[in-house]
Amino acid sequence: MVFSSTIFIFIYLPIALMLYYITPFKWRNLVLLIENLVFYGWGEPVYVFLMLASVAVDYFLALMIERSHNKGEKGKKWLIISIIINIGLLVFFKYLTFICDTLNALFSLNIALKMNIVMPIGISFYTFQKMSYVIDVYRNDCKAQHNFTAFGTYVSLFPQLIAGPIVKYRDVAEQMETRNTSVDKFSDGVCVFIVGLCKKVLLANSIGILWDTLYNSGNLSVLGAWLAVAAFTFQIYFDFSGYSDMAIGLGKMLGFEFKENFDYPYISKSATEFWRRWHISLSTWFREYVYIPLGGNRKGKLRWYINILIVWAATGLWHGASWNFIAWGLFYAFWLIIEKLFLLKHLEKGRILPHIYAILIAMLGWALFACNSLSEGLTLIGSMFGIGVSALASQSDIFYLVSYMPLFVILIIASSPLVKNAFLCIPEKSRNVLTLILCLFGLILCTASIISSGYNPFLYFRF
């Protein structure tokens, strides 16, 4: 079940909210846990048991770590067991086929899996959440949760279960025990949800059609390649940030406060700034639980660069079991190292050229990211620069450019803070009325689009 579906918006969500609010507060975590499991099990009922089993393991191991602390011990063995189990599950369900295929290709082996492994949706998100919880308990950054229902609710919370953002337990620990709900907070959550829904359905889906059309068309011209990558650049932003907004809005409806996950990344002037603004919860996770434990920049320049390469190779691999994702991560590692060496100080002095540079880096990165394989990604980048293409532009590419130009203009404006800043300039009373009108209009448009169009891709299936 995805947020941008009529089943979720008009059946599951109203029922879930009604049951949640008619339940006394002390039982709401239990009700919410059941609702979470229904949501997750809608498409994958078998993997509900996998998630519950992994939740139980980390719940128990965190308690063992806390018990070790009470005895004056560190409890490191329990942390190691947790990490091994969590990484092991990820490797088995997400990377085993990729590992076997890679070994077969490199060493001419014939390793064949006798089972068809289907990756559970959202396993990367909830695995990272559980790992951060156990690590934080080990570090004494938070206390172990003794209530299994509360911990299970945190891990399986349906607003961010399958598409993020990655929520650290210490950020919501108090909210698991007590949550403030109000009409204003609920209505604010509804508005944030509808904004995210509009991003996904009206913007991401609309430009995604152009990406799919051009990508599947075969031999691209130079113009066609740039149009395709530009389309995906906007599709992935409005899809990802749209889902994050919907998660934050749903959280508010339930009384939770989640941190922002995207902060207008396409206004960045460097790759460094881009990753401060893009998928903030993921980059924060890797910084806190991988980069800093490896030594960060504290053990000399060579070790610093190696740490950056490790973190970004892992970041790429987290996104999917394919070499193009690893190449995408290393691509950013290269530019981040270059910026740290000498480029960043020059970029910070400029305005237009640094912005063009950052957008170009992002688009080249998305060309690697969007394709089904590394070879296809490199071919697409080559096409952008005239390598292996038969023409600079085709008649169909010019038609697409003209037809989609108004949408591109809307996407450019919407990916900047211009609309938000202009909206905040409106007097508060008028703004409240306008918000209600726009939300109702946006919901109607999204509903019509979902019903009339069969195009509603879920980009998170690889995660």
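Every number here is computed from the coordinates shown, using simple stated rules; none is lab data. Since we're looking at a predicted model, the values are computed, not measured. With ideal geometry, Cβ positions are generated from the backbone for all residues, glycine too; neighbour counts draw on all protein chains shown.
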P(r) of the range 33-73 in 10 Å steps, Cα pairs, percent per bin? 28, 33, 22, 14, 2
So what's the back-of-envelope 222 nm ellipticity for the chain, counting only DSSP H runs of four-plus at -39500 (n - 2.57) apiece and dividing by all residues, rounded to 500? -21500 deg cm²/dmol
Rounded to whole Hz, the Karplus (6.51, -1.76, 1.60) HN-Hα couplings of the range 437-443, x for glycine and proline: 5, 5, 5, 4, 5, x, 5
Measuring from label point to label point, each 7 Å out along Cα→Cβ, what is the S108 to V46 span in nm? 3.6
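Rounded if a/c is under 1.5, else prolate if a/b is larger than b/c, else oblate: which is the range 159-255, with a ≥ b ≥ c the root eigenvalues of its Cα gyration tensor? Present the calculation step by step, with values, prior to reporting the outcome.
Working: a/c = 4.90, a/b = 2.64, b/c = 1.86.
It comes out prolate by the Cα gyration axes.
Work through the residues other than L434 whose Cβ is under 14 Å from its Cβ and net out their charges, Lys, Arg +1 and Asp, Glu -1.
Details: positive: K420, K429, R431; negative: E428.
The answer is +2.
I need the fraction of alpha carbon pairs in the range 280-418 separated by more than 24 Å, rounded to a whole percent.
Numbers: 4522 of 9591 pairs.
Within the range 280-418, distances greater than 24 Å cover 47 percent of Cα pairs.
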Can you give the relative contact order of the chain as a percent, counting alpha carbon pairs under 8 Å and 6+ residues apart? 18
Residue by residue through the range 413-423, which ³J(HN,Hα) values in whole Hz follow from phi under the Karplus form 6.51 cos²θ - 1.76 cosθ + 1.60 (θ = phi - 60°), with glycine and proline marked x? 5, 5, 8, 10, x, 4, 5, 4, 5, 5, 5
Can you pull the percent of Cα pairs in the chain with separation above 31 Å? 47
Selection from M64, A53, Y40 lying farthest towards where the dipole of the range 30-89 points positive, charges on Cβ: M64
In debye to the nearest 20, how big a dipole does the chain give about its Cα centre with +1 on each Lys and Arg Cβ and -1 on each Asp and Glu Cβ? 1260
List the trypsin sites (Lys or Arg not before Pro) within the range 207-315 that DSSP assigns to loop and that have no more than 11 neighbouring Cβ atoms inside 10 Å. R298
Using alpha-carbon coordinates alone, the radius of gyration and Dmax of the range 247-312 in Å work out to 15.1, 48
Along the principal axes of its C-alpha atoms, what lengths does the range 34-190 span, in descending order and rounded to whole Å? 60, 46, 22
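Residues with beta-carbon under 14 Å from that of H355, excluding H355: net charge, scoring Lys, Arg +1 and Asp, Glu -1?
That works out to +2.
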The ratio Rg/Rh over the Cα atoms of the range 363-463, Rh being the Kirkwood inverse mean 1/r radius, stands at 1.09
Return the whole-Å distance between the Cα centroid of the range 210-244 and the Cα centroid of the range 11-26. 39
Work out from phi, with θ = phi - 60° and the Karplus expression 6.51 cos²θ - 1.76 cosθ + 1.60, the ³J(HN,Hα) of each residue of the range 48-55, listed in order in whole Hz, and give x for Gly and Pro. 4, 5, 4, 5, 5, 5, 5, 5
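Would you kindly calculate the translational diffusion coefficient of the range 127-180, applying Stokes-Einstein with the Kirkwood radius from alpha carbon pairs, for 4 °C and a viscosity of 1.567 mPa s, and quote it in µm² s⁻¹ without decimals?
On the way: Rh = 11.3 Å.
Roughly 114 µm²/s, to the nearest whole number.
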Quick one: longest stretch of the chain between exposed loop GluC sites (Glu not before Pro), exposed meaning at most 16 other C-beta atoms within 10 Å and loop per DSSP? 74-256
Checked against the positive end of the charge dipole of the chain (+1 on Cβ of Lys and Arg, -1 on Cβ of Asp and Glu, about the Cα centre), the farthest of L197, L250, F107 is F107
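Fully extended, how many nm does the chain gain between L360 and S416 (0.36 nm per residue separation, minus their Cα-Cα distance)?
Working: separation 56, 0.36 × 56 = 20.16 nm, distance 1.66 nm.
Separation in residues times 0.36 nm, less the Cα-Cα distance, equals 18.5 nm.
Working out 0.36 nm times the residue gap between S217 and D171, then minus their Cα-Cα distance, what length gain in nm do you get to one decimal?
Details: separation 46, 0.36 × 46 = 16.56 nm, distance 4.59 nm.
Fully extending the segment from S217 to D171 adds 12.0 nm.
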Pick out, from N297, F369, L353, the residue whose Cα sits farthest towards the positive end of the charge dipole of the range 273-390, with +1 on the Cβ of Lys and Arg and -1 on the Cβ of Asp and Glu. N297
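Using the Cα centre of the range 330-449 as the reference point, and only Cβ charges (+1 on K/R, -1 on D/E), how large is the resulting charge dipole? Debye, rounded to the nearest 20. Display every interim value, and only then the final one.
Details: 7 positive and 5 negative charges, 97 e Å.
Computed about the Cα centre, the dipole is about 460 debye.
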